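*Asks:* This is the structure I want to talk about, given as structure tokens.
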Amino acid sequence: MPYVDLLGHPSYHEIVGAGEPLMLLHGGYCSIEHLRPLGDALADTYRVHAPERVGHGRTADRDGPFSYAAGLEETVAYLDAVGLASAHVVGFSDGAILGLLLALEHPGRVRSLVSISGNVDTDAFVSDEEAAHTMTAEASAQLDREYADLSPDGPEHGEVVVAKLTQMWLTEPRITPEVLATITAPTLVMAGDHDMVRPDHTLLIAQSIPGAQLAIVPGAGHLVAHDRPTLVGLTVREFLDAHRG
């Protein structure tokens, strides 16, 4: 299996396609499987890199809490390990947050950024009652099955990962609109029309990043790329193609 050493930890990744480099960053408690259809659709034009972070997919967990700072360090280490000076970045949820942080802290490494269902603070979400409609029970069960099938830590470790993610989500991220205003990468901000992230929060992100485009996907919850794969694929491709070198 294709593993790469990142900071002394074997991490699973896949590379498909040819063309300008594009990195997919999956969400929390997800694997690259969630974004695989999107990556496959773009592989005719881009060389798609899909790493799985610590505790996700086929990459084993390690001791200690999760943090976005650690996830960013891991993401930069991945770019270095595979020899990418820069790449187009498409991130979903936690991956979208990492994409924003990468564009902020390592701007030269981001050719363009697609931020899907990301948030920049902990007050970004709809009410608990509304949240029940942002992801179907079937989709949630699929994430559980994928974790059980893929994790080298075994299905029972899923509870540990969820607890660590929940603790991170309660306290992070903390990115202000003023900080977002320093992003220089061309950016597309995307979310579902009944996303877990509130519409006004998604709008705030888009309005705060100079020149950013906004796409609200109809008929989509938090798992936007799963709910409307064709529309998301067309929208992302049009944006990326406009910013190819």
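The values are calculated or read from the model by the stated rules, or taken from the named source; none is laboratory data. Predicted model only: the values in this text are computed from it and were never measured. Cβ placement follows ideal geometry from the backbone for every residue including glycine, while neighbour counts extend to all protein chains displayed. The protein model used for the area step is the full one, side chains on, heavy atoms only, and it has no ligands, DNA or RNA in it. Shrake-Rupley method; radii C 1.70, N 1.55, O 1.52, S 1.80 Å.
*Asks:* Go through (1) within 26 Å of Pro155 (Cβ to Cβ); (2) at pLDDT 95 or above; (3) not in a helix (DSSP H, G or I) one by one and return the number of the condition His34 breaks.
*Replies:* His34 satisfies all of (1) within 26 Å of Pro155 (Cβ to Cβ); (2) at pLDDT 95 or above; (3) not in a helix (DSSP H, G or I) except (2).
*Asks:* All but one of (1) open to solvent by 70 Å² or more (accessible area, probe 1.4 Å); (2) touching a residue at least 60 places away in the same chain (Cβ under 8 Å); (3) over 22 Å from Gly108 (Cβ atoms) hold for Thr184; state the number of the condition that does not hold.
*Replies:* Single failed check for Thr184: (3).
Yes/no per residue for (1) buried (at least 18 other Cβ atoms within 10 Å of the Cβ); (2) not in a loop (DSSP other than H, G, I, E, B):
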{"position": "Tyr78", "(1), (2)": "yes, yes"}
{"position": "Leu84", "(1), (2)": "no, no"}
{"position": "Leu98", "(1), (2)": "yes, yes"}
{"position": "Ala103", "(1), (2)": "yes, yes"}
{"position": "Gly108", "(1), (2)": "no, yes"}
{"position": "Ser112", "(1), (2)": "yes, yes"}
{"position": "Thr122", "(1), (2)": "no, no"}
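*Asks:* Okay, moving on. In the stretch 59-75, what residues are buried (at least 18 other Cβ atoms within 10 Å of the Cβ), touching a Leu at 6+ places or on another chain (Cβ under 8 Å) and not aromatic (Phe, Trp, Tyr)?
*Replies:* Once the filter is applied, which keeps residues that are buried (at least 18 other Cβ atoms within 10 Å of the Cβ), touching a Leu at 6+ places or on another chain (Cβ under 8 Å) and not aromatic (Phe, Trp, Tyr), the stretch 59-75 yields Gly71, Leu72, Glu74, Thr75.
*Asks:* Report, by residue number, each residue of the stretch 149-181 that is in contact with a helix residue (DSSP H, G or I) (Cβ under 7 Å, 6 or more places away or on another chain), within 21 Å of Pro51 (Cβ to Cβ) and open to solvent by 30 Å² or more (accessible area, probe 1.4 Å).
*Replies:* The one that is in contact with a helix residue (DSSP H, G or I) (Cβ under 7 Å, 6 or more places away or on another chain), within 21 Å of Pro51 (Cβ to Cβ) and open to solvent by 30 Å² or more (accessible area, probe 1.4 Å): Glu172.
*Asks:* In the set His49, His56, which member is within 16 Å of Trp169 (Cβ to Cβ), crowded, with 18+ Cβ neighbours inside 10 Å and modelled with pLDDT of 95 or more? Don't jump to the end; show me each part of the working.
*Replies:* Working: His49 fails: within 16 Å of Trp169 (Cβ to Cβ).
Result: His56 is the single residue among His49, His56 that is within 16 Å of Trp169 (Cβ to Cβ), crowded, with 18+ Cβ neighbours inside 10 Å and modelled with pLDDT of 95 or more.
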